[in-house]
Structure formats: structure tokens, C-alpha cells
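In what follows, a single structure is set out as C-alpha cells and then discussed.
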Amino acid sequence: MPTIAWDASMTTGVDSLDDEHRQLISWLNDLLSAMSLGRGSAEIAGLLDQLGSYSVTHFGREEECMAKYRCPVAAQNIAAHRDFVTTFTSFRHEFDRDGAAAHLVVRIEIEMMRWLTSHIKRTDTQLAPCVTAA
Ligand SMILES: [Fe+2]
Ligand SMILES: [Fe+2]
């Protein structure tokens, strides 16, 4: 089962945001592992809830930072976060309906794990030069 790890290519220039990314990645790995190992639905639902609420908190903090440092991708970042929340919500509904079905594990890997790493690398890291320039 693939797991992901935070690395220096994900540096945003704001230590607290980097810590939040590490936490999100760690919980996503936990979630994928719990689903793949067939853990109970209460445990998986708990991981999903934790991840969902932490994502929203993180997105809010990061959006404030991008506004503060006048990051050129601020609006694009907000739109991407909204899309993720929509995806996450539909995923949560599917889990409530179908449980940890194999296709949901694949969706978590593609739509959440790969999404998160590429979003951090392509969008969130654009904050770094803005912080340096401030
Ligand atoms: Fe972001
Ligand atoms: Fe982020």
C-alpha cells in the first residue's frame, strides 16, 4: 500500500502550515491503512471526521496567509480547497452508504492523497517566495 511523506519540495515558507501539512499527510496515511486493513467502520469514520475538520481549519489558515502575503495564487488556492471539500463530502456520504469498499480506497488514494501532494507542491508552495519578499 503506498504511503506518502512530507518532504522539502512541499515547503510553504510558513512553519505552522508545513506542520499542518505533515499532520494531514499522516492522517491520510492512517486512513488509507485502516481502510486497506479492513478496520471497523467506527474507527474509519473517526479518522474521516478528524481529517475533514482539520482540512477545513488548515484551509482557512492558509487562505489568510496567502491574503496577508498577497500571494498571486490566492484565489486559485481558495477554489481548489472548495473543490476538495466537495470531493471529501461526497466521499463521506459514499462511505456512510457503502462502507470501506475497494473503490473508495482507490478514490482516497487518487482524489485525496495524490490531490493533496500535488496541490501542496503546485499551489501552496507558491506562498514561499511571497513570505521571503515580505
Ligand atoms: Fe492550499
Ligand atoms: Fe495546504
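Consider only pairs whose beta carbons are under 7 Å apart and that are at least six residues apart or on different chains; among these, list those whose first residue lies in the stretch 20-35 and is of a type in the set (Val, Ile, Thr) and whose second residue is modelled with pLDDT under 90 and within 16 Å of ligand 2 (Cβ to nearest atom).
Partner pairs satisfying both residue conditions: Ile25/Ile4.
Checking Gly60 against (1) within 16 Å of ligand 1 (Cβ to nearest atom); (2) surrounded by 13 or more Cβ atoms within 10 Å (Cβ to Cβ), which test does it fail?
Of (1) within 16 Å of ligand 1 (Cβ to nearest atom); (2) surrounded by 13 or more Cβ atoms within 10 Å (Cβ to Cβ), only one is false for Gly60: (2).
On the given criteria, is Phe95 hydrophobic (A, V, I, L, M, F, W, C), part of a helix (DSSP H, G or I), within 15 Å of ligand 1 (Cβ to nearest atom) and touching a residue at least 24 places away in the same chain (Cβ under 8 Å)?
Values: hydrophobic (A, V, I, L, M, F, W, C): yes; part of a helix (DSSP H, G or I): yes; within 15 Å of ligand 1 (Cβ to nearest atom): no; touching a residue at least 24 places away in the same chain (Cβ under 8 Å): yes.
Taking the combined requirement at face value, the residue does not satisfy it.
Which pairs turn up if I take residues in the stretch 111-132 that are in a helix (DSSP H, G or I) and look for partners that are away from ligand 1 (no atom under 14 Å from the Cβ) and at pLDDT 95 or above with beta carbon separation below 8 Å, at least 6 apart in sequence or on another chain?
Once the first residue is in a helix (DSSP H, G or I) and sits in the stretch 111-132, its partners that are away from ligand 1 (no atom under 14 Å from the Cβ) and at pLDDT 95 or above give Lys121/Ser9; Thr125/Ser9; Cys130/Arg70.
Starting from residues that are more than 14 Å from ligand 1 (Cβ to nearest atom) and surrounded by 19 or more Cβ atoms within 10 Å (Cβ to Cβ), keep the ones in the stretch 13-33 and report whichever is modelled with the lowest pLDDT.
Leu32
Restricting to the stretch 64-78, name every residue that is under 14 Å from the mean Cα position of the chain (by Cα) and either surrounded by fewer than 18 Cβ atoms within 10 Å (Cβ to Cβ) or farther than 20 Å from His119 by Cβ (or both).
Initial filter on the stretch 64-78 (under 14 Å from the mean Cα position of the chain (by Cα)): 77-78.
Hit for the stretch 64-78 is Ile78, nothing else.
The values are calculated or read from the model by the stated rules, or taken from the named source; none is laboratory data. Just so we're clear, the structure is a prediction, and the values are computed from it rather than from any experiment. Virtual Cβ from ideal backbone geometry, glycine too; neighbours counted across all protein chains shown.
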